[in-house]
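For reference, the structure discussed in these notes is given below.
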Amino acid sequence: MSVNLSTREIEELLEGSDDRWLFEEARRVKAAVFGKDVYFRGVVEFSNYCAEDCYYCGLRAGNRNLYRYRLTKEEILETAEMGYLCGLKTIVLQSGDDHFYKKDDITFIIREILSRMDVVITLSLGERSLEEIKEWRKAGAERYLLKIETFNKALYEKYRPGRKLEERIRLLEYMKGVGYETGSGIIVGLPGQTVKDIAADLHRLSELELEMIAVGPFIPHPETPLGLESPGNPLLSLRCIAVLRILNPLANIPSTSALASFGMDFRAKGLEAGANVVMPSITPSKVRLFYKIYPGKNEGCMCVIEEMDYLKKMVENAGHRVSDSKGYSPRRFYAKGS
Ligand code: SF4
């Protein structure tokens, strides 16, 4: 069903060799699998503390100019409930690498959400122990997002000090093994990253047979070591989405908020390029602004209900419709042969 592209062919497409074919083929593949459906995922950014020091991220531990917050368990549950009442069928629990919340805390939150709401839970909690990851799957979480950011080992280990690329890949494989719908992704336009690197990354991401794949442009944050670097190219990010869609017809691919920070219409362009998922932040407004991975993230004065309305209209104006399903990746079912 999917078209095979060599790394060289991907590289040429990323350089703009045939945008017309690329975007038309991506649209065709997406329509064949998902029709006009777009899945919404509500993201609860419950802590902006992080023990890591990634060079590209405003939440890095070394950023002392950020107000840090943690939501209580009850606040997390109330936020998830509010998202559910707004019609969301997936709740994403996201934080920096913050080990303040222990295994049992997250287990409690997962169980409580599932006892109160008919939703799917996605975890995006960074690198946690195998025991924790397995335990949370048993508690009912069905998806885990862990972005790789770059498969270029030298860049990875430069920009994620003290971390090893192979360990991150092993964790992703472990998540798949214990039954999560597993998601990962890359940043496009990191300083030192070439188009060849990005082409190789898209190939590697596709080989992992993930259920969710995300690409977003690099946006320099002034309070990081990469603060004075140039941002990534949003058109290149759109081409990456289209290539990923062609290589991964059954995967869920978001039109990311990083892309949207280049202009309101970029989220719709992401959908036109082959994305089928939108992930609004539903974090309480009193702290939303402080989950600032990059400048522009979570800015604006809309409350969650207004933002959901705005995004629904954007989806409809782009010729799509918001699905009321839980939005599982068809890849999961094909893999099981059912
Ligand atoms: S990218 Fe993730 S792990 Fe790295 S500093 Fe940001 S929140 Fe922490």
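Rule-based calculations on the coordinates, nothing more; no lab input. All values reported here derive from a predicted model rather than from experimental measurement. Glycine gets a Cβ as well: all are built from the backbone with ideal geometry, and neighbour counts include every protein chain shown.
Okay, here's what the table says:
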{"quantity": "Residue-by-residue Karplus 3J(HN,Hα) for the range 161-172, coefficients 6.51, -1.76, 1.60, Hz, glycine and proline x", "calculated": "x, x, 10, 10, 4, 4, 5, 5, 5, 4, 5, 4"}
{"quantity": "Given charges at beta-carbon only (K, R positive; D, E negative), |dipole| of the chain in Debye", "calculated": "360"}
{"quantity": "Proxy reagent accessibility, fewest Cβ within 10 Å first, across 101, 49", "calculated": "49, 101"}
{"quantity": "Dmax and Rg, reported as Rg then Dmax, of the chain (C-alpha, Å)", "calculated": "18.5, 52"}
{"quantity": "Which of 197, 105 has the fewest Cβ neighbours within 10 Å, and the rest in rising order", "calculated": "105, 197"}
{"quantity": "Once the Cα gyration tensor of the range 55-141 is diagonalised, semi-axes √(5λ) in Å", "calculated": "23, 17, 11"}
{"quantity": "The range 23-117: GluC sites (Glu not before Pro) falling in loop per DSSP and having at most 15 other Cβ within 10 Å", "calculated": "none"}
{"quantity": "Contact order relative to length of the chain, as percent, for alpha carbon pairs under 8 angstrom and 6 or more apart", "calculated": "25"}
{"quantity": "Candidate aspartates and glutamates - alpha carbon under 19 Å from residue 164, same-chain residues fewer than 8 apart omitted", "calculated": "52, 53, 97, 98, 127, 149, 173, 197, 201"}
{"quantity": "In sequence order, calculated HN-Hα J values of the range 279-295 (Karplus, 6.51, -1.76, 1.60; Hz; x Gly/Pro)", "calculated": "10, x, 6, 10, 4, x, 4, 5, 10, 3, 5, 8, 8, 9, 5, 8, x"}
{"quantity": "About the Cα centre, charge dipole magnitude for the range 1-158 (Lys/Arg +1, Asp/Glu -1 at Cβ), debye", "calculated": "260"}
{"quantity": "Cβ-based exposure ranking for 182, 224, 72, 7, in which fewest neighbours within 10 Å come first", "calculated": "72, 7, 224, 182"}
{"quantity": "Low-density loop positions, GluC sites (Glu not before Pro), the range 147-213 - DSSP coil, at most 16 other Cβ in 10 Å", "calculated": "209"}
{"quantity": "Set of lysines near residue 103 by C-alpha distance (under 18 Å), chain-local residues within fewer than 8 positions excluded", "calculated": "73, 134, 138"}
